[in-house]
Amino acid sequence: MRRTMAAEALLAASAAGALYARTLAPGVGAGDRGELLLAAESLGVPHPPGYPLWTLLAHLAGKIPVGSLAWRVNALSALLVAAAAGLLYFTARRFGAGRFGSAVAAALFTISIPVWRVAVEAEVYGLAAVAFLGLVLAARNARAARSAGTRADALYFFTAGIAFLAHQTLAAPAIVLAAWVLRRRFAWTRLARGAAWLAAGLTPALIVPWRVAERAALLWKERTPIEAFGDVFTRQAYGAVAQNPWRIDLFVGDLAGMAALIARGAGLLALALAAVALVAVGRRQGGRTLRLLGAPALAALSIPVALAAFLVFTPDAEHMAQVEPFLVPLAAVVALVAGAGAAWCVRRAPRPRMAFAAIAIAVILTGEHHFAACDRSGFDLPERYGRDLLAAVPRGATLVVDGDNETFLAAYLIRHEGLRSDLTLIHRRGCVFDDANGLSTLPRAGWAARARAADLERIADTSRAVYFAAAPADLEIAGVRFRASGLVARALPPGTVPETVEAWTPPATWPRSADLLGGHPERYDFVTRKLAISYSDAAARSLLSRGDFASALPWFEDAARVGYDMPEAHWNVAVTAAAAGDPDRALDALLTARALAPGRAESASRLALFLSSAGRHADAARWFERAFRSAPTAALAEDAARAWNLAGDPARAREWNDRAMTAGRVG
């Protein structure tokens, strides 16, 4: 019986693998994928926790003499997620689902958008999906009366250690499933043996201090071997875990945002079938399969709960894009429940064959609908961006990079492809290109100040031109002037008159951001769209620097079309539209930005400034008050006081002057 299940699971994995091979990205992707490729090539240590197990597998995949390094590691992602699809089929069968329900579950998992996207580019989440399903199977095995025992316990806890190294978010489901396993026949000696096997599963973490001691070509930060080993478990080099003070509204907002991600990614069919299954359980008609899936479902749900409770992140588009791939285990459980719902529908339908055919057709249509959002075959924008970025810098200059897109794409093209060895590259707030800014001895909280000081020294040295992938706001505040030059900005040394530096003009062939994404930006993830925006943004800023607001506005509007969920893109439209004499367009853009980031003080304060300039001082004062509630600073309180004065309400003005004094003392 199990051999038959295994053969069927292999067939499911093969079908998933064929789909992923058809949609596989041919080269390096956006974000930190360039870093992961370099780590794979050199068996290096990427950002914490270092992902030692994935890096080892990717290093071995990189040795296969087929295609480019990027293609090989992308193919590893496809192979791992396809294996996860096969494991999911096997899991459904082991939990009592029939062939049809298990096949539907595996198919819905395969075509789920969060799953499909991590399967076609270099990512660590395919291994995490395999590890999660391995945990579920091992827990089921250790819990079952026939197979329970010392050997089954050892397998579960060893798998738990491996799962933690695959991705730290799997710590939460590992704990939930461990409680489920140990609840039956609990004994302290059993727990102690489990802890020993857990430690054995964690031994691949020793790869990290070994590679740090060997001075691997890619090290995310200068650390001692002991410190790097600690980062595998604590991520201390990343700084504080919580991104905001704990608040119930953020917790609820995070959970709601993650639920929306899973709902959109799974599709209507999966949600409908899962709802059918849950209703069947409520009516006590769900059968043994759904009852057994309770523990894995709780385990998967523990991931978003832990993320919301410990990270306390702002539920905006950027942060949601970062956590989306963490939710792949939850997508797996939704698929399992949906598969059980499909089986229930076929069993209960008056005409089972018609129900079977209808569900099968619906699965195919769902896959076709998701195809456009996940197909990356022939997509080379990240590599094009990296090449255009480097080409914009003259020979022998210094290029300072900071964000993941520019940093890791430049690193990949220079180190692996051998481009632009004449450039000096500086990683502004990191150590990918050695520790030029002396950050290794500082806590992460002190990196920004040290980087700013180092940059100012670098710019003051006129013997070498300094370019930035993006003009840093802190340097602009410090008085540094920049001149746009394609995708980079040249920092002008002190005393340079900007007008004496030749201005860059976008050529007629300069692409618009939306065109780079085929006119369908909604099909691409946040990081890729952010990369595409660079093109229209560069053209707009060049025109803006010459005071040509009317010509700059269409470029900023194109950037906002691609960055439809990015408030900064809409702020740029608002400012430029106001300068170009289009107040209605400026107000629309400000309201859009406000809707996208209601909790950010910038949205409210910029809207307040616009209203004040239009003479609506009372409305402006109310928006300054809202901004103050988001960020209680003395400056915002003073702005509110000035607006109330202009509105003819001295009492409210005195109240806000008092608040400004209090906020100033607290600050």
Query - From the options Gly430, Gly378, Gly386, Gly396, residue that is in contact (Cβ under 8 Å) with a residue 40 or more places away in the chain, part of a loop (DSSP other than H, G, I, E, B) and open to solvent by less than 10 Å² (accessible area, probe 1.4 Å) - result: Gly430
Query raised in the report: Where residues in the stretch 446-474 are over 27 Å from the mean Cα position of the chain (by Cα) and in a helix (DSSP H, G or I), which of them is farthest from Gly403 (Cα to Cα)?
Result: Ala460
Requested in this report: Output the residues belonging to the stretch 150-172 that are β-branched (Val, Ile, Thr) and surrounded by 21 or more Cβ atoms within 10 Å (Cβ to Cβ).
Outcome: Thr159, Ile162, Thr169
Report summary line: Note on the stretch 540-571: residues open to solvent by 40 Å² or more (accessible area, probe 1.4 Å), part of a helix (DSSP H, G or I) and not small (Gly, Ala, Ser) are Arg541, Leu544, Phe549, Pro554, Glu557, Arg561, Glu568
Query raised in the report: For the stretch 576-591, how many residues are within 19 Å of Glu625 (Cα to Cα) and among the β-branched types (Val, Ile, Thr)?
Result: 0
**Report entry** Conditions (1) open to solvent by less than 70 Å² (accessible area, probe 1.4 Å); (2) in contact (Cβ under 8 Å) with a residue 40 or more places away in the chain; (3) touching a helix residue (DSSP H, G or I) at 6+ places or on another chain (Cβ under 8 Å); number of the one not met by Gln243
**Finding:** (1)
Query - All positions within the stretch 1-53 that are assigned to a helix (DSSP H, G or I), buried (at least 21 other Cβ atoms within 10 Å of the Cβ) and β-branched (Val, Ile, Thr) - result: none
Query raised in the report: What about Ala297, is it open to solvent by less than 50 Å² (accessible area, probe 1.4 Å) and over 19 Å from the mean Cα position of the chain (by Cα)?
Result: yes
Query - From Leu19, Leu24, Leu60, Leu69, residue being more than 24 Å from the chain's Cα centre (by Cα) and at pLDDT 95 or above - result: Leu60
Query raised in the report: Conditions: (1) crowded, with 16+ Cβ neighbours inside 10 Å; (2) at pLDDT below 95; (3) of a type outside the set (Gly, Ala, Ser). Met258 meets all but one. Number of the miss?
Result: (2)
Query - Residue match in the stretch 85-108 (condition: buried (at least 24 other Cβ atoms within 10 Å of the Cβ) and free of Cβ contacts under 8 Å to residues at least 60 places away in the same chain) - result: no
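Residues are listed down the side, and each one gets a yes or a no for (1) basic (Lys, Arg); (2) on the phi > 0 side of the Ramachandran plot; (3) in contact with a Pro (Cβ under 9 Å, 6 or more places away or on another chain):
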position: Tyr125; (1), (2), (3): no, no, yes
position: Leu135; (1), (2), (3): no, no, yes
position: Ala139; (1), (2), (3): no, no, yes
position: Arg143; (1), (2), (3): yes, no, no
position: Leu155; (1), (2), (3): no, no, no
position: Gly161; (1), (2), (3): no, no, yes
position: Leu165; (1), (2), (3): no, no, yes
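Might you check whether a residue that is of a type in the set (A, V, I, L, M, F, W, C) and free of Cβ contacts under 8 Å to residues at least 24 places away in the same chain occurs anywhere in the stretch 17-27?
Yes, the conditions are met somewhere in the stretch 17-27.
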Query raised in the report: Considering Ser513, Ser545, which residue is closer than 22 Å to Leu389 by Cα and either more than 27 Å from the chain's Cα centre (by Cα) or not hydroxyl-bearing (Ser, Thr, Tyr) (or both)?
Result: Ser545
Report task. Can you confirm whether the stretch 567-584 contains a residue that is modelled with pLDDT of 85 or more and in contact with a Pro (Cβ under 9 Å, 6 or more places away or on another chain)? Result -> yes
**Report entry** Test: Ile359 is more than 30 Å from Leu409 (Cα to Cα), surrounded by 22 or more Cβ atoms within 10 Å (Cβ to Cβ) and under 23 Å from the mean Cα position of the chain (by Cα)
**Finding:** no
Query raised in the report: Are any of the residues in the stretch 634-644 of a type in the set (D, E, K, R), within 34 Å of the chain's Cα centre (by Cα) and open to solvent by 60 Å² or more (accessible area, probe 1.4 Å)?
Result: no
Report task. Among the residues of the stretch 173-205, write down those that are touching a helix residue (DSSP H, G or I) at 6+ places or on another chain (Cβ under 6 Å), in a helix (DSSP H, G or I), open to solvent by less than 60 Å² (accessible area, probe 1.4 Å) and within 21 Å of Leu137 (Cβ to Cβ). Result -> Pro173, Ala174, Val176, Leu177, Trp180, Val181, Gly194, Ala200, Gly201, Pro204
Query raised in the report: Do we find that Arg652 is at pLDDT 90 or above, more than 21 Å from Gly599 (Cα to Cα) and either open to solvent by 70 Å² or more (accessible area, probe 1.4 Å) or basic (Lys, Arg) (or both) in this structure?
Result: yes
Query raised in the report: Among the numbered criteria (1) open to solvent by less than 80 Å² (accessible area, probe 1.4 Å); (2) at pLDDT below 90, which single criterion is violated by Arg283?
Result: (1)
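The values are calculated or read from the model by the stated rules, or taken from the named source; none is laboratory data. In this text, all values refer to a predicted model and were calculated from it rather than measured experimentally. Cβ sites come from the backbone with ideal geometry, for glycine too, and all protein chains shown count toward neighbours. All accessible areas refer to the heavy atoms of the entire protein, side chains included, with ligands and DNA or RNA removed. Shrake-Rupley method; radii C 1.70, N 1.55, O 1.52, S 1.80 Å.
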